[in-house]
Structures are given as structure tokens and as C-alpha cells.
1. Counting only C-alpha contacts under 8 Å and six or more residues apart, can you give the relative contact order of the chain as a whole percent?
2. What 222 nm value per residue comes from the helices of the chain, counting each DSSP H run with n ≥ 4 as -39,500 (n - 2.57) and dividing by all residues, nearest 500 deg cm²/dmol?
3. Using the Karplus equation 6.51 cos²θ - 1.76 cosθ + 1.60 (θ = phi - 60°), what ³J(HN,Hα) coupling, rounded to whole Hz, does each residue of the stretch 150-164 give in order, writing x for Gly and Pro?
4. Using r as the Cβ-Cβ distance of K173 and E104, and R0 as 41 Å, what FRET efficiency do you calculate, to the nearest 0.05?
5. Give me the angle, in degrees from 0 to 90, between the Cα long axis of helix 40-66 and the longest principal axis of the Cα atoms of the chain, rounded to the nearest 10.
6. With a 10 Å radius around each residue's Cβ, average the other Cβ atoms per peptide and rank 102-113, 161-172, highest first.
7. Report the FRET efficiency, 1/(1 + (r/R0)^6), for S86 and D121, where r is their Cβ-Cβ distance and R0 is 35 Å, rounded to 0.05.
8. Name the long-range amide H neighbours of N156: under 5 Å, sequence gap of 5 or more, or other chain; modelled H, no Pro or chain starts.
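Since every read-out is calculated from the coordinates, none of them should be taken as a lab result. Note that the structure is a prediction, hence the values are computed from the model and not measured. Positions of Cβ are backbone-derived with ideal geometry, glycine not excepted, and every protein chain shown enters the neighbour counts.
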Amino acid sequence: MVNFQDSVTKVNLARAFAGECQEGARYQFLAKMALQEKYSYLSNFIRTLAHNEMSHAEQFFNKLNEYGADSVQNIEIHAGYPYQKSDLYTTLLLESKNEKSTGENVYPAFAKIARDEGYKDIADLFLKVAEVEKQHKRVLELLSDALKTKKLYKSNDAAWFKCDECGFVVKGKTAPKICPLCQAEQGYFRIDFSNFEELGKQ
């Protein structure tokens, strides 16, 4: 086993921690953008993604502490910083590409290094987080596509739409423009993710 203080794995954990913190912040900003455009439920959903990323950051931070990185006052890292500012649709799409890169390339590569250096538990952690990032990538792709094609609140078949504000539930192919109970706008209704893939085939 490579000494942790001299390992590439230590640096990769620090890079992953920093990257997840950045991702969490970007999702918070994206959630704010969605709310400004009156997509309340979408905003709350994106905040859940932000929470996921910060949970990942905590796991990486805990591994650093577990292996004694607390004895080092600074870990030098070099990494790119994904930066883009655009409309809601484009930002969702760009974030899906970031998640794809992390889930399919970066973390699997980090996992291989960790395994080669003798840190199986850290390799397993990278691979588990990679699976979540790949799920994020798919959801963001579906959201961006549905937003672009104006099918975010439409369904092929009748579906249940629930107002996230008051709990009112209605069945139909389209969520109401205004909630019949509390008059919240359409953006407060839950999104029927199950229909996105079929919608994309139309």
C-alpha cells in the first residue's frame, strides 16, 4: 500500500471534495434561476441535487480525515473549474455534461488509482458516487429536453399532477396552468419524470 500522505489518492480525494462543493453551489444557483422563472417544483428538485453533492463532499472529506490528512495543513490540487452562465435550459444541459464526465470518466479513473495504491474502500466510494452522478446526468438531460420542447408539464397519457404548494392532486395529460385550490402557478406542480423518455420520442 502506498503511504497515504504520498499517494495520488489523497490528492484525488481533495479534488473530489472541492469539485463536489462547487457542484453543490452551482446547483443552488441553478435552483434560484428556476425559481425566478416560476418553476418552483423544479427548483426544489435541483436543491435536492445540491444536497446530494454536498453529501458526496462530506464522504470524501471524511475519508481524508480517516487516513490522517488532518496532519497536513494544505493539500495542493490542480483542477479545471467548469464555468458557464446561460439560460435555464442550456445550464441544465451543461450540468448534465459535467455529471457525465464525472460519473463516466473522472471518478472511475480515481477509483482505479485508489485500488492500485491499495485503498479499496476509497475506490469503492468513488465508484458509488459515480453511479449517482450518472443518474444525475440522465435526469438533467430529460429535464433540459422537456423544458426545451415545452413538455415539462405534459404527459402522453393521463398522469397524476400534485401541487407542491397545497397538495391538490389532479389527473390529466397536462398540469393545470393555475392550481384550482390555492391558485399557485403551474410551476408548483410535481413533474411526471416517468413520461419524459416517451415524450422525447414524439
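1. It comes to 21 percent, rounded to a whole number.
2. The helix contribution divided over the chain gives -19000 deg cm²/dmol.
3. In residue order, the calculated couplings are 6, 10, 4, 10, 10, 9, 4, 10, 4, 10, 8, 10, 10, 6, 6 Hz.
4. 0.75
5. For helix 40-66, the angle is close to 10 degrees.
6. Descending packing order for the listed peptides: 102-113, 161-172.
7. According to the calculation, E is roughly 0.35.
8. Distant-sequence amide H within range of N156: zero hits.
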